[in-house]
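These notes concern the structure reproduced below.
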Amino acid sequence: MSDLARDARSGPELAHARRRARWTLVSAVALGSTGYIAAVTVTTIVARDLLGSGTWAGLPGAGIVLGAAAGAVLLSQLMSARGRRPGLVLGYATVILGSLIAVAAILARSFPLLVGGVVVIGFGNAANQLARYAAADMVPPQRRAWAIGLVVWASTVGSVAGPSLVPIAGRLAQQAGLPDLAGPFLLPAVFAAVAGLLVFVLLRPDPFDLADETAPDEQRAVGITERLPISRILRRPGVAAAIVALVVGQLVMVLIMTMTPLHMVEHGSDLAAVGIVISAHTLGMFALSPLSGRLTDRFGPVPTIFAGTALLAGSSLLAAAAPPAGGPALIAALFILGWGWNLGFVAGSALLSEHLELHERTRVQGAADAMIWSSSAAASLGSGLIMATVGYAALGIMGAGMVAIPVLVLRANRRVLGARGSSPDVDTIAS
């Protein structure tokens, strides 16, 4: 916290400022996720409509996450220099621009323009993802996973409302003389505008000025305060293990989730049925986040990540075997897939923050998120090719096999990470 903020706020006043900042973040993420998830729900369907084939329908999904990777790096650099609030506001403004580009692409029947629009949307949505770390900074280490889970939980609003608004937005678009598929891409512009305004007005003081600077005992003991090269920080066992868990969880989830709407439509399902399945999936991704946070704070990040990988494997196989019409089996598979991802996402984010000092977090968290989204872009793009070649079931089987990677990495580093996933691994106590 800055000296000025220290002098001006203490005790109840500081606690109140932190609560207001936390609930502002929660509200903004709820709004931002609603529009974003609505657009993501129909992205592959729009791509197939423009292309006339599903082979490259995963390309816009890859564009979204590549945009998020670039946004994670650039927005985190802005946050590091200017504070969390300017980075978040710029992110929401970028979502508005991307949404308008995507609508123009649908009107012009231009697939390249669609890809460009969703890349810009993804860039802006990186702000929604980075908000979880802003909340984590404002609490002591023992409550960090809970704070991350609370902000991630805010996307439950989007998980329910986003897909449910797809058919409504489609009808409204038709009434306005636009293609029905343009409607869902107008939603991010509306909701991001409200979220950006909320952050601009209410997120004062900046979360950086409200941060809890409690350092783990091992960091205080070795007195690590210099600005280390990011490459060295990324080699810390705790940091590397957290990133592997985050990347693989994202890969598995994106691999299956991206192609599920197209899989259903190709077997005769309508947008309403697709919306139900994706709502169940995104509900699993976000609704249980507070529970994931509590489990992580109680049992540690590593056991929680293990639980998440088990759910990811089981749900991937269930999705592969489920009928494509969107019945109970597919709904259950996508819900469990979402919660398995959530456990790993919350616990992995907490594990990452545990092994970073406050002055390191923004730039390393941005780099970590960039790796997450860059890696999952390959899953999004590859999912269309795999499905077109060998079918949807192959995606589930592949996803179930991939979860072995974080398990092996975490077990290989178990002595350093410790039983709970916390460890004195700040460059292995400064080497």
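Here are the numbers:
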quantity: Any hit, the range 145-155, residues being modelled with pLDDT under 95 and over 17 Å from the mean Cα position of the chain (by Cα); calculated: no
quantity: Tally, over the range 43-60, of residues that are over 18 Å from the mean Cα position of the chain (by Cα), under 19 Å from Leu271 (Cβ atoms) and assigned to a helix (DSSP H, G or I); calculated: 8
quantity: Residue selected from the range 177-191 under the condition hydrophobic (A, V, I, L, M, F, W, C) and in a helix (DSSP H, G or I), by the criterion nearest to Ala272 (Cα to Cα); calculated: Leu181
quantity: Residues of the range 355-374 that turn out to be at pLDDT below 85 and in contact with a Leu (Cβ under 6 Å, 6 or more places away or on another chain), as a count; calculated: 0
quantity: Qualifying position, being in contact (Cβ under 8 Å) with a residue 40 or more places away in the chain, over 20 Å from Gly300 (Cα atoms) and within 23 Å of the chain's Cα centre (by Cα), among Gly399, Gly340; calculated: Gly399
quantity: Single unsatisfied condition, Met402 versus (1) more than 21 Å from Ser349 (Cβ to Cβ); (2) among the hydrophobic types (A, V, I, L, M, F, W, C); (3) modelled with pLDDT of 90 or more; calculated: (1)
quantity: Of residues in the range 285-299 being modelled with pLDDT under 90 and surrounded by 24 or more Cβ atoms within 10 Å (Cβ to Cβ), the one farthest from Leu395 (Cα to Cα); calculated: Phe286
quantity: Whichever residue in the range 134-183 is without any contact (Cβ under 8 Å) to a residue 24 or more places away in the chain and in contact with a helix residue (DSSP H, G or I) (Cβ under 9 Å, 6 or more places away or on another chain) and, among such residues, is surrounded by the fewest Cβ atoms within 10 Å (Cβ to Cβ); calculated: Ala176
quantity: Qualifying residue in the range 209-219 (condition: part of a helix (DSSP H, G or I) and modelled with pLDDT of 85 or more); calculated: yes
quantity: Options Val277, Val302, Val252, Val247; residue that is under 23 Å from the mean Cα position of the chain (by Cα), at pLDDT 85 or above and surrounded by fewer than 24 Cβ atoms within 10 Å (Cβ to Cβ); calculated: Val247
quantity: Verdict on Ile386 being of a type in the set (Val, Ile, Thr) and more than 19 Å from the chain's Cα centre (by Cα); calculated: yes
quantity: Residue count, the range 52-62 (criterion: farther than 23 Å from Leu187 by Cβ and either touching a residue at least 40 places away in the same chain (Cβ under 8 Å) or of a type in the set (Ser, Thr, Tyr) (or both)); calculated: 4
quantity: Candidate set: the range 83-117, residues that are hydrophobic (A, V, I, L, M, F, W, C) and under 29 Å from Ala21 (Cα atoms); chosen: the one surrounded by the most Cβ atoms within 10 Å (Cβ to Cβ); calculated: Leu88
quantity: Index of the failed condition, Met402 passing every other in (1) closer than 22 Å to Val65 by Cβ; (2) surrounded by fewer than 18 Cβ atoms within 10 Å (Cβ to Cβ); calculated: (2)
quantity: Of residues in the range 60-81 being modelled with pLDDT of 90 or more and more than 30 Å from Leu50 (Cβ to Cβ), the one surrounded by the most Cβ atoms within 10 Å (Cβ to Cβ); calculated: Met79
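The values are calculated or read from the model by the stated rules, or taken from the named source; none is laboratory data. Please read these numbers as outputs of a predicted model, since none were measured by experiment. Note that each Cβ is placed from the backbone with ideal geometry, even for glycine, and that neighbours are counted across all protein chains shown.
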